[in-house]
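> This is the structure I have questions about; it appears just below.
The values are calculated or read from the model by the stated rules, or taken from the named source; none is laboratory data. These numbers were taken from a predicted model, which means no experiment stands behind them. Cβ placement follows ideal geometry from the backbone for every residue including glycine, while neighbour counts extend to all protein chains displayed. To get the accessible areas, we keep the full protein, side chains included, count just its heavy atoms, and leave off ligands, DNA and RNA. Shrake-Rupley method; radii C 1.70, N 1.55, O 1.52, S 1.80 Å.
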Amino acid sequence: MNRAEKAALQLRAVSVLRMLKETRTYDELAALTELPAGDLNRYVNGHVLPSDDRAREVVSGVGRDALADELERRVTTDEEGYVDNSGAVFDQSFLDLVAPIAAETFEFDRPDVVLTAATDGITLAAAMASYYGVRCAYAKQSKETAVEEFIESRQRLQSGIELTYYLPAASIDAGETVLVVDDLIRSGETQELLLDITERAGADVGGVFTLIAVGTDGVERARERTDAPVGALVEF
Ligand SMILES: O=P(O)(O)OC[C@H]1O[C@H](OP(=O)(O)OP(=O)(O)O)[C@H](O)[C@@H]1O
């Protein structure tokens with residue numbers, strides 16, 4: 001890890017600690033992180049940065065669990081099992097905290113592009129793309145006017161409806177590495193379309209990440225399509 005990466009990791013740990021501190025006392029934060037309350041106070045107030053070992057532990061250990069709890073608090077499910085996750089996907093700063101934790105936890109290959117499907121995956125894709133410092137692209141169910149060439153993927157869904165996603169062809173170059181993300185995976189049909197688009201572009205899949213996996217079918221389906229890591233922050 002070079003100096004800039006170390007500094008970035010330390011600052012991410014401070015962001016995670018600040019988020020956790022919003023609803024906790026320093027003693028509670030100390031119990032959660034197993035770090036001394038006095039040190040935590042200095043980190044949260046920005047007087048001292050945590051060591052890289054402590055920072056990594058905060059980001060991928062307690063940070064992941066705490067963000068998963070926070071996500072569960074922000075999501076509601078109705079009696080038919082439909083999920084309202086607007087409390088998460090409408091909050092870009094929350095997703096900005098998720099991005100480094102997802103990257104640390106699942107060790108995706110470093111992408112050139114983060115790809116998602118419009119609409120609800122876009123803010124997560126933007127957070128992941130910003131974290132890696134790469135482009136973000138989203139496939140849509142309609143063709144953008146003035147774009148001449150598209151990569152398209154069509155699938156007949158379990159429901160019998162045919163679904164087509166279109167991505168402007170210039171969004172992904174052959175040989176690039178693509179991280180496929182979405183806010184939610186249920187049947188895995190949307191992921192399959194995105195993985196198909198990646199393949200049609202001649203690109204490689206560096207990983208698949210979702211905030212929420214509803215059941216295991218969708219995640220299993222993605223795992224059958226790729227050897228790259230497939231991860232979910234929470235599973236319902
Ligand atoms: O695993 P699947 O069964 O394919 O479901 C997952 C998809 O469902 C939701 O999108 P939706 O179709 O509701 O469109 P939206 O993002 O525009 O709301 C969600 O954002 C995923 O893209």
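> Given ALA102, ALA68, ALA31, which one is open to solvent by 40 Å² or more (accessible area, probe 1.4 Å), at pLDDT 90 or above and of a type in the set (Gly, Ala, Ser)?
Working: ALA102 fails: open to solvent by 40 Å² or more (accessible area, probe 1.4 Å); ALA68 fails: open to solvent by 40 Å² or more (accessible area, probe 1.4 Å).
Testing whether each residue is open to solvent by 40 Å² or more (accessible area, probe 1.4 Å), at pLDDT 90 or above and of a type in the set (Gly, Ala, Ser) leaves just ALA31.
> For the range 96-131, which positions are among the hydroxyl-bearing types (Ser, Thr, Tyr) and either within 16 Å of the ligand (Cβ to nearest atom) or closer than 22 Å to ASP65 by Cα (or both)? Working first, answer last.
Going residue by residue through the range 96-131, those that are among the hydroxyl-bearing types (Ser, Thr, Tyr) are 105, 116, 119, 123, 130-131.
Hits for the range 96-131 are THR105, THR116, THR119, THR123, TYR131.
> How about the range 181-207: which of its residues are within 11 Å of the ligand (Cβ to nearest atom) and among the β-branched types (Val, Ile, Thr)? Before you say what the answer is, go through the steps one by one.
Looking only at the range 181-207, we keep the residues that are within 11 Å of the ligand (Cβ to nearest atom), and these are 181-194.
VAL181, ILE185, THR190, listed by residue number.
> Search the range 21-32 for residues that are touching a residue at least 24 places away in the same chain (Cβ under 8 Å) and pair each with any residue that is in a helix (DSSP H, G or I) when their beta-carbon atoms are under 8 Å apart and the residues are at least 6 apart or on different chains.
LEU32/LEU20; LEU32/VAL62; LEU32/ALA66
> Filter the range 188-236 down to residues that are hydroxyl-bearing (Ser, Thr, Tyr) and in a helix (DSSP H, G or I) and give me whichever is most open to solvent (accessible area, probe 1.4 Å). Break it down into steps so the answer makes sense when it comes.
Initial filter on the range 188-236 (hydroxyl-bearing (Ser, Thr, Tyr)): 190, 198, 210, 216, 226.
Subset that is in a helix (DSSP H, G or I): 190, 198.
Numbers: THR190: 44, THR198: 0 Å².
Filtering first and then ranking leaves THR190.
> Here's something else I'd like to know. Give all pairs with beta carbons closer than 6 Å in which a residue from the range 173-189 that is over 21 Å from PHE90 (Cα atoms) meets a residue that is near the ligand (Cβ under 6 Å from one of its atoms); count only pairs at least 6 apart in sequence or on separate chains.
Close Cβ pairs satisfying both conditions: SER187/GLY218; GLY188/GLY218.
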